[in-house]
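S.K.: Take a look at the following structure, please.
The values are calculated or read from the model by the stated rules, or taken from the named source; none is laboratory data. These figures come from a predicted structure and were not determined experimentally. Using ideal geometry, Cβ is built from the backbone for each residue, glycine included, and neighbour counts are taken over all protein chains shown. Only protein heavy atoms, including side chains, enter the accessible area calculation; ligands, DNA and RNA are left aside. Shrake-Rupley method; radii C 1.70, N 1.55, O 1.52, S 1.80 Å.
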Amino acid sequence: MKYVFFDIECANCYQGKGKICSFGYVITNENFDLEEKYDMIINPDSKFNLGPDIKLAYTKSEFRHASHFPMFYDEIDALLTDPDAMIFGFSANNDARYIRDECIRYELPHIDYTFYDVQQMYMGYDSTKNQPSLVGICEKYGIPESQDVHKSDDDAFMTMEVLRNLCNITNKTVIELVHDYPRSVGEMKNGEFRWVNNPGKEEKNQKNKKKKMGKSNQMRKYSANYRYFLRFCNSLVPSDNDALTLYGKRVCFSVNYEERHFSQMLSIAEQISTLGGKYDCSSDTCDIFVKYELIKADGTPKKCPRLAHVIEKNNNGNNIAVIDFEDFLCLTGIDPEKRFSDSKNKSDIVYENKNAQDVV
């Protein structure tokens, strides 16, 4: 068994979504002997908004010249899902959500794993409900630390030292600490976080999310319906017949339609797959773009950022076919109101919303 300690720095958390700029980790054996320590520098593809008291270990130029999160995805996935490792962090539920946010942003599969939060272990040991800082604990126990400059692998190393210190103070093994402080066990599964032995507010929030998902036919980005839709699309395998209407084509719809027609989009994506194509939520990589006019309350048409992007790409030499919604349905024979056939998923959600109107 080995121990993996990880920590994350974000460029910003606009709208509550973390944009990761570094992922640092430390690997030790069960005796806390250091085997590996590394910091992945990641281009956050977003602005830096750190606050006046936070300084990072690298320059903005170094971050900008680094690769984006998808280039590090496989390595992070392998670290966090290693069956021979226990995963540790400090206030790791926040870091777990940042990883979830990036998987959603870049349309990558969610990483399912269990982790152990050293902050929660310390709170159990110290019998406190106040969440202590990593630096505060290090100062209390004389552990060398410095957070004048935030560096993910250094913070991961400090987390390791706190856990080692807890083992020494209590004269217990890591496994015994986990047993004594079960509230420290966290889990990410299908993009949802929960405390395994202390669900509390998190469990209530998830139940509320499921209720809302069942009642809504909307599918805005980062919503539960949107995440479900991405998983559904990824599960579809296009028909392998080059005589089919959409064989080898990637089809993207205007957000004007997609965001307001969750149940219909499930059916459309499945029918596109049956016709040999693949639904694509990105206008960057599509071959066919289906535009849809949506009228706002003031009588003016709502702009679609995807359509603007497609027009710009075509002006720069691309050849993306742009088709009106009704024309696309006529050409393909696709029926948006046809229920999708994946019956094992039908019980998860309620699709219909008879009051939905194409007016915003």
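S.K.: Restricting to the range 309-360, what's the tally of residues that are at negative phi, among the small types (G, A, S) and at pLDDT below 95?
M.R.: The total comes to 4.
S.K.: Let me ask something else. What about G142, is it in contact (Cβ under 8 Å) with a residue 40 or more places away in the chain and either open to solvent by less than 50 Å² (accessible area, probe 1.4 Å) or among the small types (G, A, S) (or both)?
M.R.: So G142 does not fit the description; no.
S.K.: Take S184 and decide whether it is among the small types (G, A, S), more than 18 Å from G18 (Cα to Cα) and crowded, with 19+ Cβ neighbours inside 10 Å.
M.R.: yes
S.K.: To continue, here is another question. Within the range 92-128, work out how many residues are of a type outside the set (F, W, Y), open to solvent by 40 Å² or more (accessible area, probe 1.4 Å) and closer than 22 Å to D155 by Cα.
M.R.: Going through the range 92-128 one residue at a time, the tally reaches 4.
S.K.: Hey, does the range 34-49 have a residue that's open to solvent by less than 40 Å² (accessible area, probe 1.4 Å), more than 24 Å from N165 (Cβ to Cβ), charged (D, E, K, R) and not in a strand (DSSP E or B)?
M.R.: no
S.K.: Restricting to the range 281-317, name every residue that is without any contact (Cβ under 8 Å) to a residue 24 or more places away in the chain and either farther than 18 Å from Y257 by Cβ or out of contact with any strand residue (DSSP E or B) (no Cβ under 7 Å at 6 or more places or on another chain) (or both).
M.R.: D298, G299, T300, K303, A308, I311, E312, N314, N315, N316, G317, listed by residue number.
S.K.: Restrict the check to the range 87-94 and report whether at least one residue is closer than 30 Å to K221 by Cβ, in a helix (DSSP H, G or I) and under 14 Å from the mean Cα position of the chain (by Cα).
M.R.: Yes: the range 87-94 contains one or more residues that are closer than 30 Å to K221 by Cβ, in a helix (DSSP H, G or I) and under 14 Å from the mean Cα position of the chain (by Cα).
S.K.: Another one. Report, by residue number, each residue of the range 11-33 that is outside any loop (DSSP other than H, G, I, E, B), touching a helix residue (DSSP H, G or I) at 6+ places or on another chain (Cβ under 9 Å) and closer than 19 Å to I104 by Cβ.
M.R.: G16, I20, C21, F23
S.K.: Then there is this: Scan the range 258-271 and give yes if some residue there is open to solvent by 80 Å² or more (accessible area, probe 1.4 Å) and more than 25 Å from the chain's Cα centre (by Cα), otherwise no.
M.R.: No, that holds for no residue.
S.K.: Can you find even one residue in the range 18-25 that is surrounded by fewer than 22 Cβ atoms within 10 Å (Cβ to Cβ) and over 15 Å from the mean Cα position of the chain (by Cα)?
M.R.: Within the range 18-25, none of the residues are surrounded by fewer than 22 Cβ atoms within 10 Å (Cβ to Cβ) and over 15 Å from the mean Cα position of the chain (by Cα).
S.K.: Mind checking whether some residue in the range 217-232 is surrounded by fewer than 17 Cβ atoms within 10 Å (Cβ to Cβ) and either modelled with pLDDT of 90 or more or under 24 Å from L275 (Cα atoms) (or both)?
M.R.: Yes, the range 217-232 contains a residue that is surrounded by fewer than 17 Cβ atoms within 10 Å (Cβ to Cβ) and either modelled with pLDDT of 90 or more or under 24 Å from L275 (Cα atoms) (or both).
S.K.: While we're on this one: When you look at V162, is it within 24 Å of the chain's Cα centre (by Cα), under 22 Å from D33 (Cβ atoms), buried (at least 17 other Cβ atoms within 10 Å of the Cβ) and β-branched (V, I, T), yes or no?
M.R.: So V162 fails the test.
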